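Step one of this worksheet: look at the structure below.
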Amino acid sequence: MSAVNRGLRHASKQVRLSQRVSNLSCPRFAGLQSAFRLQNSSSTSTSALPNTRTSSFSTMASLQSAAPGVTPSPAAHKGYDPEITDIADYVLNKNIDSELAFDTARWVFLDTLGCGLEGLRFKECTKLLGPTVPGTVVPNGPKVPGTPYQLDPINAAFNIGTMIRWLDYNDCWLAAEWGHPSDNLGAILAVADWITRTNKAGGNLANGKQFTVRDVLEGMIKAHEIQGCLALLNSYNKVGLDHVVLVKVASTAVVSKMLGLNEKQTADAITQAWVDGQSLRTYRHSPNTMSRKSWAAGDACQRAVNLALKVLKGEPGVPTVLSAPVWGFYDVLFKGKKFEFQRPYGSYVMENVLFKVSYPAEFHSQTAVEASEKIHAQLKAMGKSAADIKEVTIRTHEACVRIIDKQFKPMDNFADRDHCIQYMCSVMLVFGRLTAGDYTDGSEAATSELVESLRKKIKCVEDPQFTADYHDPALRTISNGLTVELNDGTFLDEVVVEAPLGHRLRREEAKPHILAKYKRHLEPHFSADKVEKLVALGQNPKELEAMSVDEYVDLYVNEKSEFAQ
């Protein structure tokens, strides 16, 4: 073939490739188009095309453009994404001086431990716990509250994180994304306990650091803030990702500091959390609703500890893990969008976090269940019952409709029931109660024909003002209003509850209930004397915060637990 013909064929190939790339209008191909334009703009002239063997798109483009004989490292091209460095700077350098945040963190700490102990009463939870190899005990390892287990920090993080999250009863944060910031305690407590026990035994982890409960509270404040601020304006569920990605990122950042990593190493660990495989939230929705949603946070905690420990051993980071064209988080998993931020990192999230006080129910339903409780009492006073209800309309917010509106979806398991607003309201309207036991297969509520028939009579309607109030930084209410029509044609006045018990606007009202909840969760595990001691200690901030973490965790050890063996 002549040189002229070879040149014409190559030029024709370049034109066809250019046309194909320009026709790729899907956003996922934007990086490919940019790469094509960038490479072709670097050519000196089209006359050079017959003599070049360079493909129009190549992952080697950056290496080819470097000086001869030089192979640049990925970090040489660009610094860390600013979203990464902001988190690392906050974790290592920000001083938390908000006493409101520390006071709230203490209440969250007690409530979260109590929720974990309650989770141990469910065999579907405890079957996942304990050492990977039965009988393994790790010297100086962290201990798992309520159990006899002493594990490595990675597995302990999974155990603690899973039991905390099992019943969907710990704290909550609602914004563009929702989640449960106290999930991070699984990683924080495991690492703090492990480092402290090891250093007391003569080790030198994190320069010999021995953690107090106040150190743990500070770690919780920062983990809450990172998870919460990343959730304020950024919806991960809308692209199919589970919110536990934020648990993993926040825990990785805080654990990195606890392990004594410097600012660059902390940034490296955070990038590893973003590049790690992210959970799809399909296990939270029909037709795949299942128990993984209850251990997903435990999984995120163990991944966080594992990644931070790898960086401690010298593993580098991925500087542009978010922004890298084509291969970064934004292009691959976030539809090309960058994160948006409403406020700098401080202590806002802990100060405004929501407590689940009254019911073990998905948080968007809390006010609806509270309204249902009032209606149950009203019907009783009228000499009527749930059997007299013809229809119920729930005026609600968009997030509730999207997540837990399952009017006609079959209730196949625990995970279906505790994420169905119709089921939760029906149980309250029928029985005047809603407990974790009402979600289990074979329970009185789960087998009730009246609950099932009433569930299908309850419809949700979005109120745009409720949705706006839900996103308003000054309000952050989770409003629901219930209107009941009876079989005889009577309409009861709508019952509206805007802020649930445990909301910042009802925090003081909630505290006695939070304490009662904590005590109730302790009682199946410990003697009456031990329960009183733990409750009293929890109400003595000065003594509690000064305690060494390992000594405090030892108070929760249960060598003869009937729930975990």
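Report the per residue volume, in Å³, of the convex hull enclosing the C-alpha atoms of the range 301-403.
Hull volume over Cα atoms, normalised by residue count, gives 208 Å³.
Based on C-alpha coordinates, I'd like the Rg and Dmax of the range 303-353, in Å.
Final numbers for Rg and Dmax: 15.1, 38 Å.
Ignoring ligands, DNA and RNA, what percent of the 1.4 Å accessible area of the range 82-355 is carbon and sulfur?
Taking all protein chains in place, the range 82-355 shows 52 percent carbon and sulfur surface.
Restricting to DSSP H runs of at least four residues, report the calculated mean residue ellipticity at 222 nm for the chain, -39500 (n - 2.57) per run over all residues, nearest 500 deg cm²/dmol.
Estimated from H runs of four or more residues: -15000 deg cm²/dmol.
Kindly work out what percent of the DSSP beta bridges joining two residues of the chain are antiparallel, to the nearest 5.
Looking only at bridges with both residues in the chain, the antiparallel portion is about 75 percent.
Per the Cauchy relation, a quarter of the hull surface: what is the mean projected area of the convex hull of the alpha carbons in the range 456-520, in nm²?
Average of the hull's projected areas for the range 456-520 equals 6.9 nm².
Once you keep just the Cα pairs under 8 angstrom separated by 6 or more residues, what percentage relative contact order results for the range 363-500?
37 percent
Once the Cα atoms of helix 244-258 and of the chain are each reduced to a long axis, what angle between those two axes, in degrees from 0 to 90 to the nearest 10, is obtained?
The angle comes out at about 80 degrees.
Would you kindly calculate the mean projected area, averaged across all directions, of the convex hull enclosing the Cα atoms of the range 109-183, in square nanometres?
Mean projected area for the range 109-183: 5.4 nm², to one decimal.
Could you tell me how many cubic angstrom of Cα convex hull volume the range 82-355 has per residue?
122 Å³
Helix 528-538: angle to the longest alpha-carbon principal axis of the chain, degrees 0 to 90, nearest 10?
50 degrees
Measure nothing but the geometry: give the 0 to 90° angle between the long axis through the Cα atoms of 82-93 and the longest principal axis through the Cα atoms of the chain, rounded to 10°.
The angle comes out near 50 degrees.
For Lys338, give me every one of the lysines with a C-alpha distance below 20 angstrom, ignoring sequence neighbours fewer than eight places off in its own chain.
Lys78, Lys238, Lys248
Work out the P(r) tail for the chain: percent of alpha carbon pairs separated by more than 38 Å, whole number.
Pairs farther apart than 38 Å: 37 percent.
In percent, how large is the relative contact order of the range 294-437, given Cα pairs closer than 8 Å and 6 or more residues apart?
Relative contact order, the range 294-437: 21 percent.
Quick check on packing: order 268-279, 496-507, 327-338, 296-307 by the mean number of other C-beta atoms within 10 Å, highest mean leading.
296-307, 268-279, 496-507, 327-338
Defining a contact as two alpha carbons under 8 Å apart and six or more residues distant in sequence, what relative contact order in percent does the range 82-355 show?
Across the range 82-355, relative contact order equals 24 percent.
What span do the alpha-carbon atoms of the range 363-500 cover on each of the three principal axes, reported in whole Å from largest to smallest?
In descending order, the Cα extents are 41, 34, 22 Å.
Where a ≥ b ≥ c are the square roots of the eigenvalues of the C-alpha gyration tensor, would you call the range 430-565 rounded, which needs a/c under 1.5, or, failing that, prolate if a/b is larger than b/c, or oblate?
It comes out oblate by the Cα gyration axes.
The values are calculated or read from the model by the stated rules, or taken from the named source; none is laboratory data. Keep in mind it's a predicted model, so treat the numbers as computed, not measured. Ideal geometry is used to build each Cβ from the backbone, glycine not excepted, and the neighbour counts take in all protein chains shown. The area values use the complete protein model at the heavy-atom level, side chains included, leaving out ligands, DNA and RNA. Shrake-Rupley method; radii C 1.70, N 1.55, O 1.52, S 1.80 Å.
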